[in-house]
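The values are calculated or read from the model by the stated rules, or taken from the named source; none is laboratory data. Since this is a predicted model, take the numbers as computed values, not measurements. Because the Cβ atoms are built from the backbone with ideal geometry, glycine has one as well, and the counts that use them run over all protein chains shown. Surface areas here come from the heavy atoms of the whole protein model, side chains and all, with no ligands, DNA or RNA. Shrake-Rupley method; radii C 1.70, N 1.55, O 1.52, S 1.80 Å.
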Amino acid sequence: PFNILKLGDKYSKIDLSELLDQPTLEKVREGLYHCKNSEATLFFVDLEKKGKEERFHFDDFFQEDFFHWDSQSTQHIGSPRIQEIVTGIRTPHLFVRITPKIKSKTQKFVYCGRLSYSEHEENTSRPVHIVFNNLDFDDFSENKDLKDIYSWKPSKIGKSTKSKIDKTG
């Protein structure tokens, strides 16, 4: 069912719930959703986490065609759901928005494609910091939403990454 998703298009959880035949998806508040009818896991990422508690200030950003991601604060590299993603049993699909709301209107997520595990930061746990290769990364995209997401960095909001993994070049 994922071939109906278009790189750079915007989707709400309600849209995805209908498109992917996942009735429970529209109610999900977490950043991960494990599809019931496929081996897909949906990642929902807000890059800017203004107003959220410090424990929700995760380290998520693109570095060229790699995506840095912090798991939920209860997870580590050995967590069963993380292992399913790392070993390729489940395929992550990435949905990103820079900010959850603009003028109190909830923003849709931009579909950024499929991810594949590259490496994780040793000694990170709860959350574990994982770096994924973005399989559908589009270097030549003319899509403004995608380009904004690709170029967004924690420094844009005065933060710095804690990750020691550098995928530049």
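Under the convention that each Lys and Arg Cβ holds +1 and each Asp and Glu Cβ holds -1, the size of the dipole of the chain around its Cα centre is about 760 debye.
Normalised by the number of residues in region 19-169, the average gap of Cα pairs under 8 Å and 6 or more apart makes the relative contact order 25 percent.
Computed over all pairs of different Cα atoms, the Kirkwood value for the hydrodynamic radius of region 71-154 is 14.4 Å. Semi-axes of the equivalent ellipsoid of region 25-112 are 22, 15, 14 Å, computed as sqrt(5λ) over the eigenvalues of the C-alpha gyration tensor in descending order. Quick check: at a probe of 1.4 Å, how many percent of the accessible area of the chain sits on carbon and sulfur atoms? Roughly 51 percent, rounded to a whole number. For the chain, the normalised intensity computed at q = 0.12, 0.14, 0.19 Å⁻¹ comes to -0.51, -0.71, -1.43 (log10 of I(q)/I(0), Debye sum over alpha carbons, equal scatterers, no solvent). Along the axis of the charge dipole computed for the chain (Cβ charges of +1 for Lys and Arg, -1 for Asp and Glu, origin at the Cα centre), the listed residues 102, 16, 2 are led at the positive end by 102.
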